[in-house]
1. Just one of the numbered conditions (1) touching a helix residue (DSSP H, G or I) at 6+ places or on another chain (Cβ under 7 Å); (2) over 24 Å from residue 226 (Cα atoms); (3) away from the ligand (no atom under 11 Å from the Cβ) is not true of residue 129; which one?
2. On the basis of being farther than 30 Å from residue 255 by Cα, surrounded by fewer than 18 Cβ atoms within 10 Å (Cβ to Cβ) and of a type in the set (Ser, Thr, Tyr), does residue 39 make the cut?
3. Only one of (1) of a type in the set (Gly, Ala, Ser); (2) crowded, with 20+ Cβ neighbours inside 10 Å; (3) in contact with a helix residue (DSSP H, G or I) (Cβ under 6 Å, 6 or more places away or on another chain) is not met by residue 224, so which one is it?
4. With respect to residue 170, determine if the residue is over 18 Å from residue 68 (Cα atoms) and within 10 Å of the ligand (Cβ to nearest atom).
5. Can you report the number of residues in the range 109-134 which are free of Cβ contacts under 8 Å to residues at least 24 places away in the same chain and among the aromatic types (Phe, Trp, Tyr)?
6. Got a sec? Which strands (runs of 3 or more DSSP E) wholly within the range 183-265 have at least 2 residues that are closer than 22 Å to residue 74 by Cα?
7. I need the full set of residues from the range 48-75 which are farther than 15 Å from residue 4 by Cα and open to solvent by less than 60 Å² (accessible area, probe 1.4 Å), in order please.
8. Against the definition (under 15 Å from residue 284 (Cβ atoms), over 18 Å from the mean Cα position of the chain (by Cα), in contact (Cβ under 8 Å) with a residue 24 or more places away in the chain and crowded, with 21+ Cβ neighbours inside 10 Å), how does residue 231 come out, yes or no?
Amino acid sequence: MRLLITGASGLLGLNICCVGTEQNLDVIGMVHTRGLQGTPFEIIQGDLLAMEESFAQIEAKQPDAIIHCAAIADLNLAEKQPEMAYRLNAEVPGRLAAAARNWGIPFVHISTDAVFDGEKGNYQETDPTNPLSVYARTKLAGERAVQAANPNALIARVVFFGWSLSGQRSLSEFFYNHLGAGKVVNGFTDIFFSPLYTEDLAEILLEMLKANLTGLYHVVSSESISKFGFGVRLADKFGFDSRLITPISAKSLNRGAQRSLNLILNCGKLEKALGHGLPTVDEGIEAFYQAWLACYPQKLQGFQDIPT
Ligand SMILES: NC(=O)c1ccc[n+]([C@@H]2O[C@H](COP(=O)([O-])OP(=O)(O)OC[C@H]3O[C@@H](n4cnc5c(N)ncnc54)[C@H](OP(=O)(O)O)[C@@H]3O)[C@@H](O)[C@H]2O)c1
């Protein structure tokens, strides 16, 4: 299978490219401003906001499937540049989903747990959405645009942690970097989430693609945890001092874009469709740790194309 992944320099996109390559797929990663070097998969560079040109680049590669990870995923950047966030997070996915439909290939769109307001928790796919931030509103608009343009598209609401190109993109890297350096950090006791480890998420997305799943799925951990609890478990795994994490309420801080508190998502629909359970948070942290032992962070950071 020839698989094209947008956002290939991003946290999720790069991990999917690597996992896909390990599964002997013919991977093509599309990057934008950050180039990659020395990757075991092909790279193309394009700006998805220039839709005509970048879609033509994608079509020329004749992919058998597309996983669309590119987005403005920075909540504060989305607040500052709402029009650009709307174009990239909503218009582009809709138009790319329509193109994939015309090309007759499967399209996987990556969405977010943040489409919910975090009041209820244990959210199922059928629960009403109520996004609180510009980012979340544009992502929900993206889901709707994809659904309207391509009813056979697969839409995955995700949340994840892992190793990234910069070594600084994820919550897990935040705890790893700070606690490893003996620095004190805050850990939110009132924000709950259901994060998957990125390599696990990549494998599950590829499994969903091979199973020809379509429609909306929550692709999250089978277990949920507070961000404070996540930091403590990660510290324990790496042998860091978890007392460096100060338990704090997110409500007590002004952090720019508004964030939903209880983002526990239910993954029962996907577990039923795949016929097996999804990883727990502890299993994800174990996989994150094993990847560290295997020097995976250095491998990813080695792909950075640093101008000489
Ligand atoms: N991170 C999370 O915890 C999280 C949680 C829930 C859902 N999600 C969703 O998961 C997906 C992946 O997120 P991520 O955290 O991996 O994102 P990320 O690390 O911020 O990466 C975003 C990617 O999008 C690319 N991109 C940005 N503007 C582009 C443009 N105009 N044309 C082409 N590519 C462009 C970036 O390329 P350059 O860097 O080269 O500009 C980068 O590769 C997104 O849909 C996000 O909404 C993320």
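The values are calculated or read from the model by the stated rules, or taken from the named source; none is laboratory data. Here the structure is a predicted model, which means the values were calculated and not measured. With ideal geometry, Cβ positions are generated from the backbone for all residues, glycine too; neighbour counts draw on all protein chains shown. These area figures cover heavy atoms from the full protein model, side chains too; ligands, DNA and RNA do not enter into them. Shrake-Rupley method; radii C 1.70, N 1.55, O 1.52, S 1.80 Å.
1. Only one criterion is unmet by residue 129, namely (2).
2. No, not satisfied.
3. Unmet for residue 224, out of (1) of a type in the set (Gly, Ala, Ser); (2) crowded, with 20+ Cβ neighbours inside 10 Å; (3) in contact with a helix residue (DSSP H, G or I) (Cβ under 6 Å, 6 or more places away or on another chain): (3).
4. yes
5. Within the range 109-134, residues that are free of Cβ contacts under 8 Å to residues at least 24 places away in the same chain and among the aromatic types (Phe, Trp, Tyr) number 0.
6. Numbers: elements: 185-188, 215-219, 245-248.
Hits in the range 183-265: 185-188, 215-219.
7. 49, 50, 51, 71, 72, 73, 75
8. yes
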